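Here's the structure we're looking at; comments come further down.
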Amino acid sequence: MLSIYKKIISPMKLNNIIQEELNNILNEATLIKDNNLKFVQVVNADFYNFEPYRTELDTNIERTKITVYWGLSFLANTEGIQEFKIEIEKVEGVYNLQFFDKQTDELMQEAPKNIADTPWRFHVADAVLQLGSGLYAKRLDFDFKNNVCQLMF
């Protein structure tokens with residue numbers, strides 16, 4: 001019975017398989033998260049696709065400063081950093097919803113709104129972490145139609 005296995009898997013192949021499996025176990029990635037890698041920044045926010053409940057008026061939301069709470073985590077293995085992830089915890093702030101008369105473009109009403117009242121899904125635009133340079137949030141884009149908040153670095 002052993003002679004059958006010798007013909008199928010040579011000792012060299014068996015050693016290679018064992019070595020590969022050991023490397024896979026040793027190189028398993030570990031998630032590294034730390035409270036020191038959580039950040040709070042106030043950034044400019046733009047707003048898109050807001051659908052008003054009052055159709056007889058035009059609406060506008062001007063660029064506003066919004067606070068974003070974000071963090072950084074690393075997926076590391078014995079060879080180094082396999083991947084880094086940016087996660088947005090929450091956003092805070094107030095934006096000003098403006099209503100304009102469609103005929104005259106006159107400002108008819110303003111309504112302050114809490115950005116946290118909308119259940120946002122967060123997406124991070126391509127972020128590049130380079131040796132010797134910083135990583136700072138630069139802008140937020142809020143898409144009301146899809147309830148998506150995108151963070152740009």
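The values are calculated or read from the model by the stated rules, or taken from the named source; none is laboratory data. Computed from a predicted structure; not experimentally measured. FYI the Cβ positions are ideal-geometry reconstructions off the backbone, even for glycines, and counts take in every protein chain you see.
Tabulated results
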quantity	calculated
Test set (1) over 21 Å from the mean Cα position of the chain (by Cα); (2) of a type in the set (A, V, I, L, M, F, W, C); (3) surrounded by 15 or more Cβ atoms within 10 Å (Cβ to Cβ) - LEU107 fails condition number	(3)
Every pair of residues 6+ apart whose Cβ atoms lie under 8 Å, when the first sits in segment 70-87 and is among the basic types (Lys, Arg) while the second is modelled with pLDDT of 90 or more	LYS85/LEU72; LYS85/SER73
Residue list for segment 68-80, filter: under 22 Å from LYS113 (Cβ atoms) and surrounded by fewer than 17 Cβ atoms within 10 Å (Cβ to Cβ)	TYR69
Index of the failed condition, GLU83 passing every other in (1) surrounded by fewer than 16 Cβ atoms within 10 Å (Cβ to Cβ); (2) under 21 Å from the mean Cα position of the chain (by Cα); (3) at pLDDT 90 or above; (4) among the charged types (D, E, K, R)	(3)
LYS65 among the basic types (Lys, Arg), under 20 Å from CYS149 (Cβ atoms), surrounded by 14 or more Cβ atoms within 10 Å (Cβ to Cβ) and in contact (Cβ under 8 Å) with a residue 24 or more places away in the chain	no
Options ASN114, ASN96; residue that is touching a Gly at 6+ places or on another chain (Cβ under 9 Å) and either polar (S, T, N, Q) or in contact (Cβ under 8 Å) with a residue 12 or more places away in the chain (or both)	ASN114
Residue count, segment 128-153 (criterion: surrounded by 11 or more Cβ atoms within 10 Å (Cβ to Cβ), more than 18 Å from VAL42 (Cβ to Cβ) and within 13 Å of the chain's Cα centre (by Cα))	1
Residues located in segment 55-102, provided they are among the hydroxyl-bearing types (Ser, Thr, Tyr) and closer than 26 Å to VAL42 by Cα	THR59, THR64, THR67, TYR69, SER73, TYR95
The one condition in (1) crowded, with 16+ Cβ neighbours inside 10 Å; (2) out of contact with any Asp or Glu (no Cβ under 9 Å at 6 or more places or on another chain) that GLU89 fails to fulfil	(1)
Single residue of segment 86-119 satisfying the filter (assigned to a strand (DSSP E or B) and aliphatic (A, V, I, L, M)) that is modelled with the lowest pLDDT	MET108
Residue, modelled with the lowest pLDDT, within segment 128-153, restricted to residues that are touching a Lys or Arg at 6+ places or on another chain (Cβ under 7 Å) and assigned to a loop (DSSP other than H, G, I, E, B)	PHE153
